[in-house]
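Taking it in order: structure first as structure tokens, then the write-up.
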Amino acid sequence: MVFVLGGPGVGKGTQCNRLVSQYGDYVHLSAGDLLREERHRTGSQYGELIEHHIREGKIVPYEITISLLRKAMEAHFPKQHFLIDGFPRNVEQGKAFEAAICPCDRVLFFECSEEEMLKRLMHRGQNSGRSDDNIESIMKRFRTFKDATMPVWHYYNAKKKLLPINAVGSVEQVYDRAEKALLEKTKKTAAL
Ligand code: ADP
Ligand code: AMP
């Protein structure tokens, strides 16, 4: 179980897609994608609430996100290796997931400047059709990231599960760093 984090637009989804195309036994689940899907599901009681939180860059209540993740994981049974992208957005979510579903093995944390993330998001926003790829929502998402998600870095670092990845550079360069960090950690764990 690998949690994949980093600021908005840092390249989490891009890197997860590459990792699963290389390591087919892993399943990529994006918390944001699952929430966007649920928002549009006919009959969902959470559509409006999710849309409001996404547009405001706020963290959707964890019961909703964890329940969507659980269902998605069950749908992939008997697969056991998961990259959970965009999760946990705060420490409370991480603790709730680990208590209810299973412990995480490591946390890939992609890092680059806000300036670079803004550039990537504005570029993505030209075609994404996402209601939060606009300057107003992006600024709110940066604030939520700093206030709520950065404590997750410290929480898993103290547990020696954190793998910080420099996300500056081309997609290939970032991928090489992520792959190397994951493989090194796996080797070390196997040697214990
Ligand atoms: P996240 O999942 O973290 O929100 P994405 O993977 O959607 O981020 O990437 C955000 C945007 O930045 C996308 O348009 C993607 O193509 C682009 N991108 C991803 N990685 C890089 C990179 N290393 N350099 C430049 N652009 C990138
Ligand atoms: P993302 O697709 O990761 O950029 O997330 C887009 C938005 O979806 C976030 O700004 C939040 O509003 C919501 N979201 C994504 N992941 C989570 C999560 N783990 N918990 C709660 N809300 C989330």
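The sole residue among 141, 124, 120 that is in contact (Cβ under 8 Å) with a residue 40 or more places away in the chain, within 15 Å of ligand 1 (Cβ to nearest atom) and open to solvent by 70 Å² or more (accessible area, probe 1.4 Å) is 124. Taking the options 31, 96, 72, name whichever one is among the aliphatic types (A, V, I, L, M), in contact with a Gly (Cβ under 6 Å, 6 or more places away or on another chain) and either under 23 Å from residue 178 (Cα atoms) or surrounded by 14 or more Cβ atoms within 10 Å (Cβ to Cβ) (or both). Sole residue among the options that is among the aliphatic types (A, V, I, L, M), in contact with a Gly (Cβ under 6 Å, 6 or more places away or on another chain) and either under 23 Å from residue 178 (Cα atoms) or surrounded by 14 or more Cβ atoms within 10 Å (Cβ to Cβ) (or both): 31.
If I filter the stretch 8-18 for residues that are more than 12 Å from ligand 1 (Cβ to nearest atom), within 23 Å of residue 150 (Cβ to Cβ) and crowded, with 21+ Cβ neighbours inside 10 Å, do I get at least one hit? No, there is no match, as no residue in the stretch 8-18 is more than 12 Å from ligand 1 (Cβ to nearest atom), within 23 Å of residue 150 (Cβ to Cβ) and crowded, with 21+ Cβ neighbours inside 10 Å.
When residues in the stretch 151-176 are screened for being surrounded by fewer than 16 Cβ atoms within 10 Å (Cβ to Cβ), in a helix (DSSP H, G or I) and within 15 Å of ligand 1 (Cβ to nearest atom), 4 of them pass. When the stretch 9-52 is limited to residues that are outside any helix (DSSP H, G or I) and among the small types (Gly, Ala, Ser), the one that is farthest from residue 143 (Cα to Cα) turns out to be 24. The condition of being away from ligand 2 (no atom under 11 Å from the Cβ), part of a helix (DSSP H, G or I) and not small (Gly, Ala, Ser) does not hold for residue 63.
The values are calculated or read from the model by the stated rules, or taken from the named source; none is laboratory data. Treat the numbers as computed from the prediction; the structure is a model and nothing was measured. Because the Cβ atoms are built from the backbone with ideal geometry, glycine has one as well, and the counts that use them run over all protein chains shown. The area values use the complete protein model at the heavy-atom level, side chains included, leaving out ligands, DNA and RNA. Shrake-Rupley method; radii C 1.70, N 1.55, O 1.52, S 1.80 Å.
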